[in-house]
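The values are calculated or read from the model by the stated rules, or taken from the named source; none is laboratory data. None of the values given here were measured: they were computed from a predicted structure. Counting neighbours? That spans all protein chains shown, and the Cβs are built from the backbone with ideal geometry, glycine included. Ligands, DNA and RNA are excluded from the accessible area calculation, which covers all protein heavy atoms including side chains. Shrake-Rupley method; radii C 1.70, N 1.55, O 1.52, S 1.80 Å.
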Amino acid sequence: VFIRGELAAPSPMGSLDYVSPDALAVLGFVVKNPGDIVDTVVSIPSGSLAAAQQALSDEHQQKGFNVRDDLAASLGGEFAFAMDGALMPVPSWKLVCEVYDPNRLQATLQHFVDLHNQAIAQTGKKPLRTAQESFEGRTYYTIAQADSGPLLEAHYTFDQGYLVAGPTRVLVSHALQVKTAGTSIKHAGKFLELTPRDQHANFSV
């Protein structure tokens, strides 16, 4: 899947502050239009952007809910994805994205899950479940496929203008600890050796 749209100019990337120096792979970028990311994601199950746009348009007309626009309006342009830990038994993926409106994003995600479950109610497919819990004074959210293993779970929270997500709450909590301690990959010697040796400190790679 290729991201449709243009990368923005290199800029500071606070999303990398949540990625540890032990990450096996990291992809970070800034886009001019967050809607391009939403278009890419929603096109995956539909097979094409055109099919996804038609499905979302039909849904908007039928139910008055515009997934694409609500998600795009909630997000900033900065995204980071990392494989930050063990690959087995559950891959330690980590997603960090800039969020302008956490409340709107959370409401949109919940509404999307509700509509998805309504749509498949008569198909025999497993629904998605959501949950939230408080831990150490912070709210963590979960989206998972019902009666499935941890491979089909996503846990996330909001922190200082970012959504931080991973396969377990433990990994998400560790990401917050990395941020607080200032020990992210941005400060790792091996990572700094890979950055261009010029006057530019910012990037979108």
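Checked against the criterion of being surrounded by fewer than 16 Cβ atoms within 10 Å (Cβ to Cβ), of a type in the set (A, V, I, L, M) and either modelled with pLDDT under 90 or not in a helix (DSSP H, G or I) (or both), the candidates Val30, Val1, Val26, Val42 yield just one match: Val1.
Candidates Leu163, Leu171: the one that is modelled with pLDDT of 95 or more, in contact with a Gly (Cβ under 7 Å, 6 or more places away or on another chain) and not hydroxyl-bearing (Ser, Thr, Tyr) is Leu171. Gln145 falls short of the stated requirement of being under 27 Å from Gly77 (Cβ atoms), open to solvent by 40 Å² or more (accessible area, probe 1.4 Å) and modelled with pLDDT of 85 or more. Could you tell me whether His155 is surrounded by 14 or more Cβ atoms within 10 Å (Cβ to Cβ) and out of contact with any Asp or Glu (no Cβ under 9 Å at 6 or more places or on another chain)? Yes. Filter the stretch 86-115 down to residues that are aliphatic (A, V, I, L, M) and within 15 Å of Asp70 (Cβ to Cβ) and give me whichever is surrounded by the most Cβ atoms within 10 Å (Cβ to Cβ). Filtering the stretch 86-115 for residues that are aliphatic (A, V, I, L, M) and within 15 Å of Asp70 (Cβ to Cβ), the one surrounded by the most Cβ atoms within 10 Å (Cβ to Cβ) comes out as Val99.
With respect to being in contact with an Asp or Glu (Cβ under 8 Å, 6 or more places away or on another chain), polar (S, T, N, Q) and at negative phi, Thr130 falls outside the description.
Check the stretch 116-133 and report whether any residue there is open to solvent by less than 50 Å² (accessible area, probe 1.4 Å), touching a helix residue (DSSP H, G or I) at 6+ places or on another chain (Cβ under 6 Å) and over 20 Å from Ala80 (Cβ atoms). Within the stretch 116-133 (the criterion being open to solvent by less than 50 Å² (accessible area, probe 1.4 Å), touching a helix residue (DSSP H, G or I) at 6+ places or on another chain (Cβ under 6 Å) and over 20 Å from Ala80 (Cβ atoms)), the answer is yes, since at least one residue qualifies. Just to be sure before I move on: is Ala82 among the hydrophobic types (A, V, I, L, M, F, W, C) and in contact with a strand residue (DSSP E or B) (Cβ under 8 Å, 6 or more places away or on another chain) in the structure I sent? Answer is yes for this residue.
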